[in-house]
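Asker: Here's a structure for you.
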Amino acid sequence: MFTDTSVKEIVRQKYGEAAQRVGQGTSGSCCGGGTTGASSALGGCDPITSNLYDPAQAGAVPETAMLASLGCGNPTALAELKPGETVLDLGSGGGIDVLLSARRVGPTGTAYGLDMTDEMLALAQENKRQSGLANVHFLKGEIEHIPLPANSVDVIISNCVINLAADKDRVLAEALRVLKPGGRFAVSDVVVRGEVPPAIRRNMELWIGCVAGALGDREYLDKLARAGFTDAGIEITRVYNVDDAREFLAAQNADLQQLAAQVDGKFASGFIRATKPAGALAGLASAAAAGMASAAAASADEPATAAASCCGPSACCGR
Ligand SMILES: C[S@@+](CC[C@H](N)C(=O)[O-])C[C@H]1O[C@@H](n2cnc3c(N)ncnc32)[C@H](O)[C@@H]1O
């Protein structure tokens with residue numbers, strides 16, 4: 001069994017290698033044809049990451065940002081972003097959703113991307129340079145310790161990253177802390193619907209890349225409520241079945257016929273929304289954490305600054 005730290009190192013290594021492949025132009029070809037299909041930089045295309053963005057969005061970002069897309073949804077298509085707003089993308093990877101958000105909030109708004117992997121941050125910086133956008137800032141750090149002050153963000157987006165975090169409660173508490181009162185949480189993530197036998201669930205999670213474990217849909221909503229969010233809801237955007245995972249499951253010697261009934265329709269990508277109550281301010285403990293996080297804030301725009309601390313839980317992706 002991996003420790004939290006070793007899992008986090010595996011995540012960093014995998015995404016570091018993925019970013020390098022994109023940088024070298026060896027990330028593989030697109031699935032499904034057309035220009036809108038994102039290829040998986042973690043090794044060819046797959047049913048999770050492909051075809052998430054429409055041609056207009058694909059045309060609005062550098063090609064390497066599209067090639068580095070490793071999400072499982074398109075939060076920018078579903079989140080309401082207004083000119084002048086501040087957006088934060090948790091686990092921003094090559095930066096596709098940050099760049100798309102920056103265009104939506106316009107020059108009077110700001111889009112931050114937060115990621116812990118140096119190679120992804122370097123790729124994101126290059127994509128920012130190519131995009132010519134000035135209202136984009138990539139930060140180095142962990143989503144469990146967001147290096148931004150309390151009550152400073154209008155909208156939090158994220159694309160298939162929270163499912164990688166071992167301590168999801170900590171991530172949601174941090175999201176609530178940095179959001180302004182009335183701020184919106186609008187993320188794409190993998191969810192499990194209904195009961196699935198543990199061993200099968202583990203196989204599917206490994207296929208999807210959720211080494212730290214995906215949340216059940218009900219569980220996700222409960223955690224959001226416990227963190228202090230209101231109006232939480234999940235909209236399913238893509239459902240996976242045994243055929244999607246056939247190759248992977250066959251390699252695990254799984255009995256596909258038998259699995260189909262227990263898996264089909266249970267694993268899905270969803271768009272998860274919630275709101276920080278208008279009257280809520282970050283509490284004392286959160287404010288203290290904010291102070292520490294601000295002090296440790298590391299802008300990848302200014303790489304000399306140190307990253308956030310190494311403590312805290314970890315995340316991983318098996319794709
Ligand atoms: C599945 S990729 C998604 C990237 C991007 N959101 C997209 O849609 O292409 C996961 C990204 O999250 C980052 N990541 C994973 N766990 C993280 C953590 N605990 N803190 C910060 N970044 C993390 C990885 O470095 C990687 O770039």
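Asker: Can you give me the ranges of the strands (runs of 3 or more DSSP E) entirely in region 130-238 with at least 1 residues that are more than 16 Å from the ligand (Cβ to nearest atom) and buried (at least 23 other Cβ atoms within 10 Å of the Cβ)?
Answerer: 179-192
Asker: Go through region 239-256 and give me each residue that's buried (at least 17 other Cβ atoms within 10 Å of the Cβ), touching a residue at least 40 places away in the same chain (Cβ under 8 Å) and of a type outside the set (Phe, Trp, Tyr).
Answerer: ASP244, ALA245, LEU249, ALA254
Asker: Do you know which of the residues in region 73-82 that are within 12 Å of the ligand (Cβ to nearest atom) and not in a helix (DSSP H, G or I) is farthest from ILE236 (Cα to Cα)?
Answerer: By that ranking, first place goes to ASN74.
Asker: Within the group PRO313, PRO277, which residue is modelled with pLDDT of 90 or more, part of a loop (DSSP other than H, G, I, E, B) and either more than 20 Å from ILE200 (Cα to Cα) or away from the ligand (no atom under 16 Å from the Cβ) (or both)?
Answerer: From the options PRO313, PRO277, the qualifying one is PRO277.
Per-residue answers, yes or no, for (1) at pLDDT 85 or above; (2) touching a Leu at 6+ places or on another chain (Cβ under 7 Å):
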| position | (1), (2) |
| --- | --- |
| VAL191 | yes, yes |
| PRO197 | no, no |
| ILE200 | no, yes |
| MET204 | no, no |
| LYS223 | yes, yes |
| ARG226 | yes, no |
| ILE236 | yes, no |
| ALA245 | no, no |
| ALA260 | no, no |
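Asker: Can you confirm whether region 55-72 contains a residue that is more than 22 Å from ALA245 (Cα to Cα), near the ligand (Cβ under 10 Å from one of its atoms) and at pLDDT 90 or above?
Answerer: yes
Asker: Look through PHE248, PHE229 and report the one residue that is aromatic (Phe, Trp, Tyr) and closer than 18 Å to CYS72 by Cβ.
Answerer: Going through PHE248, PHE229 in turn, the sole match is PHE248.
Asker: Let me ask something additional. Any residue at all in region 83-97 that's at positive phi, near the ligand (Cβ under 7 Å from one of its atoms) and within 10 Å of the chain's Cα centre (by Cα)?
Answerer: Yes, because at least one residue in region 83-97 is at positive phi, near the ligand (Cβ under 7 Å from one of its atoms) and within 10 Å of the chain's Cα centre (by Cα).
Asker: Same structure, new question: State yes or no: is ASP118 of a type in the set (Asp, Glu) and more than 13 Å from the ligand (Cβ to nearest atom)?
Answerer: no
The values are calculated or read from the model by the stated rules, or taken from the named source; none is laboratory data. Just so it is clear, the model here is predicted, and its values are computed rather than measured. Positions of Cβ are generated from backbone atoms using ideal geometry, with glycine treated the same way; all protein chains shown enter the neighbour counts.
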